[in-house]
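The values are calculated or read from the model by the stated rules, or taken from the named source; none is laboratory data. Small disclaimer: the values here were computed from a predicted structure and weren't measured. Cβ placement follows ideal geometry from the backbone for every residue including glycine, while neighbour counts extend to all protein chains displayed. The protein model used for the area step is the full one, side chains on, heavy atoms only, and it has no ligands, DNA or RNA in it. Shrake-Rupley method; radii C 1.70, N 1.55, O 1.52, S 1.80 Å.
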Amino acid sequence: MEQTLIVIKPDGVQKKLVGTILSRFEKRGFTIHSMKVFQFTKEQAEKFYLPHSEKKFFSSLVKFIISDKVVAVILEGSTAIKVVRQMIGSTKSDEAAPGTIRGDFGLNLTDNVIHASDSKESFERESKIIF
Ligand code: CMP
């Protein structure tokens, strides 16, 4: 069994997609291990997105993620990190394949509905900031 972290971003929560998104993961076979509804502080968001701190979109990324409530979930299941990343689709929503979460519900780059850890190291780092 493997764990991974997803964060349903402010746009996903505002569009009332929480149930729909969690249902997809449950139907695929993942178990919800932990779940938290909260609003990132600026400090927490800067820590969360630290690997992007040198990128020019960093401040807009932080501004967006702190703008409203998010839902963070630790999912558990076989090869969770890889399969969940496949299910959320390409970072650029306009390039995400239909059938993926971003491909079905997103159209933008910063507000792209959902985040998911891309490795075991990211999962450990990111989940410690939230849980
Ligand atoms: P996420 O999976 O949360 O991880 C980092 C985020 O940075 C990514 O989703 C996008 O929302 C955002 N991002 C990545 N590339 C760009 C970019 N070129 N311009 C603006 N935002 C970006």
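The set of residues from the range 16-34 being aliphatic (A, V, I, L, M) and farther than 23 Å from LEU61 by Cβ comprises LEU22, ILE32. Comparison of GLU121, GLU54 shows that the only residue that is farther than 29 Å from MET1 by Cα and exposed (fewer than 14 other Cβ atoms within 10 Å of the Cβ) is GLU54.
For beta carbons closer than 7 Å, sequence separation of 6+ or different chains, a first residue in the range 47-58 that is farther than 18 Å from SER127 by Cβ and of a type outside the set (Val, Ile, Thr) and a second that is open to solvent by less than 100 Å² (accessible area, probe 1.4 Å) and not in a loop (DSSP other than H, G, I, E, B), the qualifying pairs are PHE58/HIS52.
Take the conditions (1) farther than 19 Å from SER122 by Cβ; (2) charged (D, E, K, R); (3) within 11 Å of the ligand (Cβ to nearest atom); LYS69 misses just one of them, which is (3). Only one of LYS27, LYS15 is over 13 Å from the mean Cα position of the chain (by Cα) and loosely packed, with under 13 Cβ neighbours inside 10 Å. Can you tell me which? Result of the check over LYS27, LYS15: LYS27.
Residues in the range 77-131 that are part of a strand (DSSP E or B) and either touching a residue at least 40 places away in the same chain (Cβ under 8 Å) or within 12 Å of the chain's Cα centre (by Cα) (or both): GLY77, ILE114, HIS115, ALA116.
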